[in-house]
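Presented below is the structure to which this report refers.
Laboratory data are not the source of any read-out in this text; all were calculated from the coordinates shown. As the structure is a computational prediction, the values presented were derived from the model and not from experiment.
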Amino acid sequence: MSLRTALPGCWETLRKEFEASLDEEERNIAMDRRFIKSKAKARALITKKQPGDEVPSSTRSVEHQLGLLTAC
């Protein structure tokens, strides 16, 4: 377990205190890094394949089902 997950409120306070001690340019760099990390996490969650995302092979379009029925 990381420090961030163990102490979420404390982590946020420490982050704010750290950023308050930075000059404007350093603060912007820190914010950019957090944004990039958040964006990467969001992209990973979006592209992560979930078990229920796949359409079962038994689910077919109405047109395909009708085509099978008329072929018989």
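Length gained on full extension, GLU12 to GLU26, computed as 0.36 nm times the residue gap minus the Cα-Cα distance: 3.3 nm.
Cα to Cα, under 23 Å, and not fewer than 8 places away if on the same chain: which lysines meet these conditions relative to LYS48? Those lysines meeting the cut-off are LYS37, LYS39.
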